[in-house]
Amino acid sequence: MLNLTIAALFLLGTHFGIAGTSLRADLIARIGERPYRLLYSLLSIVALVWLVTAWRAAPLLPIWTAGTALRHTALVLMPLAFLLVVCAVTAPNPTVMGQKPDPDAASPAVGILRVTRHPFMWGVGLWALLHLLTNGDEASVLFFGTFLALALIGTFRIDARRTRENARGWGVFLQATSNLPFAPIIERRQRLQPGEIGLWRVALALGLYVAFFWLHPWLFGISPLG
């Protein structure tokens, strides 16, 4: 369990101790933005592989047992996590590294950005939360809890960094969107426009969900049904 704990701290440290801090700016100034992105990506991959390897090797120490209702709830909500991630990686987003707001756009936010300006982070966060709740052992709590913290805290850190950079159009985008999902729609700053999300993204998310559901026992050694 010590190896898993150190791996989790290392992954969090690579993100919270470098990205979004003055160290990031110093490194970019020294070596350039492209080399920084390459080195940071390699470091993140190493941290991720270490964490996954440590989790798979950790002993099974149960804390609680997820009931049938909780597992069924997770199965129902998991497609939403896939949809958030699919939308995040298939559409422009000013919160993503290397992208900026379009100050000349007719609308500052379209598609899933009307729901949240951090669809990828919330997709990962929802995935991590559902797996944490349905895998009640110490190693899984630490493993999935790390991703949950990384995703949720990361949304605030990204907003803070983008606000400091203050790219043209960021202020308008910030006011038109929200970190918390569905908040701008509830507050009537936005309207949900399913057509902007696209039926093909919904179909892709459902297809990935079904594929991972059936492949889960072979990929991860356990059935989603328990």
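The values are calculated or read from the model by the stated rules, or taken from the named source; none is laboratory data. What you see is a predicted model, and the numbers here were worked out from it, not measured in a lab. All Cβ positions, even for glycine, are placed from backbone atoms using ideal geometry, and neighbour counts span all protein chains on display.
Listed values, structure above:
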{"quantity": "Test set (1) at pLDDT below 90; (2) in a helix (DSSP H, G or I); (3) exposed (fewer than 15 other Cβ atoms within 10 Å of the Cβ) - Q99 fails condition number", "calculated": "(2)"}
{"quantity": "Subset tally (residues that are surrounded by fewer than 12 Cβ atoms within 10 Å (Cβ to Cβ) and outside any helix (DSSP H, G or I)) for segment 194-210", "calculated": "0"}
{"quantity": "Subset tally (residues that are within 20 Å of W200 (Cα to Cα) and either part of a loop (DSSP other than H, G, I, E, B) or not assigned by TED's automatic domain parsing to the domain that holds R164 (or both)) for segment 79-96", "calculated": "3"}
{"quantity": "All positions within segment 146-169 that are assigned to a helix (DSSP H, G or I) and of a type in the set (S, T, N, Q)", "calculated": "T146, T155, T163"}
{"quantity": "Members of segment 146-174 found to be without any contact (Cβ under 8 Å) to a residue 24 or more places away in the chain and surrounded by fewer than 14 Cβ atoms within 10 Å (Cβ to Cβ), listed by number", "calculated": "F156, T163, R164, E165, N166"}
{"quantity": "Matching residues, segment 3-36, being over 20 Å from D159 (Cα atoms) and outside any helix (DSSP H, G or I)", "calculated": "G32"}
{"quantity": "Total residues in segment 37-78, condition assigned to a helix (DSSP H, G or I), in contact with a Gly (Cβ under 9 Å, 6 or more places away or on another chain) and not hydrophobic (A, V, I, L, M, F, W, C)", "calculated": "4"}
{"quantity": "Segment 54-72, residues that are free of Cβ contacts under 8 Å to residues at least 12 places away in the same chain and either surrounded by 11 or more Cβ atoms within 10 Å (Cβ to Cβ) or under 21 Å from the mean Cα position of the chain (by Cα) (or both)", "calculated": "R56, G67, H72"}
{"quantity": "Among the residues listed as F173, F213, the single one being assigned to a helix (DSSP H, G or I), assigned by TED's automatic domain parsing to the domain that holds V76, within 22 Å of L77 (Cβ to Cβ) and at pLDDT below 95", "calculated": "F213"}
{"quantity": "Yes/no for I45 being under 22 Å from R157 (Cα atoms) and not small (G, A, S)", "calculated": "yes"}
{"quantity": "Qualifying residue in segment 6-24 (condition: under 30 Å from G169 (Cα atoms), loosely packed, with under 11 Cβ neighbours inside 10 Å, without any contact (Cβ under 8 Å) to a residue 24 or more places away in the chain and outside the structural domain of T116 (by TED's automatic domain parsing))", "calculated": "yes"}
